[in-house]
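Q: Structure provided below as structure tokens; questions to follow.
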Amino acid sequence: MNTLLSDGGAVVTRQLQKARHAPALLLLTQSMPIMMLLFFGYVFGSALAMPGSEYREFLLPGLLAATAANGLMTGLFTAAQDAHRGVTDRFRTLPMSRAAVPLGQITADLLTTGVSMVPLMLVGIAMGWRIENGLPGALGALGVLLLFRFASAWVGTYLGLLSKSEEAAGQLGGATFVLPMLSSAYLPTSGLPGWLRTVAEWNPISAVAGAVRTLCGNAGGEPAAGAAWPAAHPVAGALLWSLVILALFAPPATRRFARGQD
């Protein structure tokens, strides 16, 4: 355990140094959700049955959930880049815990994600979003978001280690952009056709967005009539989805890292 922690800490330091030397990328990841909040909040909000202020209160938790889900994309890019540039092979030659490298990379991603969520929430507050349930609700929502980000990053790490090239990883990562669209992150699921509503309500991102709305006391926190179980119990659904994803992808990602490319 001590070896895992010390080796993982070294990898975290490496990843944070990489982020410090790529400020443009960090700025882009921070500004994109803010631009989406401004665009969706004022353009889409005027076209929905929800009043503009109510929609923006509904939207911000969805954007936070989508940001958490982007752990899949960052884990995918990080793992694929290191694997195909020889960095992963060099790590394997070192006398260090095999789980430390992916764990350290994902932990560093959690730290940068926590920082990147702050500007988004501040803009949301300026636009009328509020945390109605006080500090306990805010901490609960943050915990759900970071747990889901942690789980999503393991999925991305596994897929990145499986990828045949950085280009293939980039194409797959771009395709993940559609996942929040098939959820309740941006729009309520109640108005969707039957089969599409079912898909959206079983999407883990819907459970996470609903959990944040419930914990923060925001609009849209109450499930619609006849909602699927994860949408009807969003906090439990978000936690269960995160644990299931971790159980399914963290062990094979660690084994894949230790084994190397086939």
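Q: If I ask for residues that are surrounded by 13 or more Cβ atoms within 10 Å (Cβ to Cβ) and modelled with pLDDT of 80 or more, which ones from segment 25-37 would you list?
A: S31, M32, P33, I34, M36, L37
Q: Have a look at M96, M121 and point out the one that is at pLDDT 85 or above and out of contact with any strand residue (DSSP E or B) (no Cβ under 6 Å at 6 or more places or on another chain).
A: Just a single option satisfies the conditions, and that option is M121.
Q: Which ones in segment 58-90 are of a type in the set (A, V, I, L, M) and over 19 Å from the mean Cα position of the chain (by Cα)?
A: Kept after step one, since they are of a type in the set (A, V, I, L, M), are these residues of segment 58-90: 59-60, 63-66, 68-69, 72-73, 76, 79-80, 83, 87.
Of everything in segment 58-90, those that are of a type in the set (A, V, I, L, M) and over 19 Å from the mean Cα position of the chain (by Cα) turn out to be A83, V87.
Q: So, one more: Output the qualifying pairs, or none if there are none: Cβ atoms under 6 angstrom, residues six or more apart or on different chains, first residue in segment 57-71 and farther than 13 Å from S184 by Cβ and touching a residue at least 24 places away in the same chain (Cβ under 8 Å), second residue among the basic types (K, R) and part of a helix (DSSP H, G or I).
A: Within 6 Å, the pairs are A68/R149; G71/R149.
Q: Report yes if T88 is of a type in the set (S, T, N, Q), surrounded by 19 or more Cβ atoms within 10 Å (Cβ to Cβ) and either farther than 24 Å from L239 by Cα or in contact with a strand residue (DSSP E or B) (Cβ under 7 Å, 6 or more places away or on another chain) (or both), otherwise no.
A: Values: of a type in the set (S, T, N, Q): yes; surrounded by 19 or more Cβ atoms within 10 Å (Cβ to Cβ): yes; either farther than 24 Å from L239 by Cα or in contact with a strand residue (DSSP E or B) (Cβ under 7 Å, 6 or more places away or on another chain) (or both): yes.
Considered against the rule, which asks whether it is of a type in the set (S, T, N, Q), surrounded by 19 or more Cβ atoms within 10 Å (Cβ to Cβ) and either farther than 24 Å from L239 by Cα or in contact with a strand residue (DSSP E or B) (Cβ under 7 Å, 6 or more places away or on another chain) (or both), T88 comes out as yes.
Q: List, please: which pairs have Cβ atoms under 6 Å, are six or more places apart or on different chains, and start with a residue in segment 182-199 that is within 24 Å of L37 (Cβ to Cβ) and end with one that is of a type in the set (S, T, Y)?
A: S183/S206; S184/S206
Q: Does S242 fit the bill of being surrounded by fewer than 18 Cβ atoms within 10 Å (Cβ to Cβ), touching a residue at least 24 places away in the same chain (Cβ under 8 Å) and not acidic (D, E)?
A: When the stated conditions are applied, S242 does not pass them.
Q: Still on this model: Which one of these does L215 not meet: (1) within 27 Å of L76 (Cα to Cα); (2) surrounded by 23 or more Cβ atoms within 10 Å (Cβ to Cβ)?
A: (1)
Q: Test each condition in (1) surrounded by fewer than 18 Cβ atoms within 10 Å (Cβ to Cβ); (2) within 21 Å of I106 (Cβ to Cβ); (3) touching a Gly at 6+ places or on another chain (Cβ under 7 Å) for A153 and report the one that comes out false.
A: Answer for A153: the failing condition is (1).
Q: Exactly one condition in (1) crowded, with 21+ Cβ neighbours inside 10 Å; (2) more than 17 Å from the chain's Cα centre (by Cα); (3) small (G, A, S) is false for A185; which is it?
A: The one condition A185 does not meet is (2).
Q: Are any residues in segment 159-181 surrounded by 15 or more Cβ atoms within 10 Å (Cβ to Cβ), under 15 Å from the mean Cα position of the chain (by Cα) and not β-branched (V, I, T), and if so, which ones?
A: G173, L179, P180
Q: Given (1) surrounded by 18 or more Cβ atoms within 10 Å (Cβ to Cβ); (2) assigned to a loop (DSSP other than H, G, I, E, B); (3) on the phi < 0 side of the Ramachandran plot, identify the lone condition not met by A225.
A: (1)
Q: Is it fair to say G220 is assigned to a loop (DSSP other than H, G, I, E, B) and exposed (fewer than 15 other Cβ atoms within 10 Å of the Cβ)?
A: Criteria not met by G220.
The values are calculated or read from the model by the stated rules, or taken from the named source; none is laboratory data. Every value quoted in this text rests on a predicted model; they were computed, and no experiment measured them. Cβ coordinates were reconstructed from backbone atoms using ideal geometry, including for glycine residues, and neighbour counts include every protein chain displayed.
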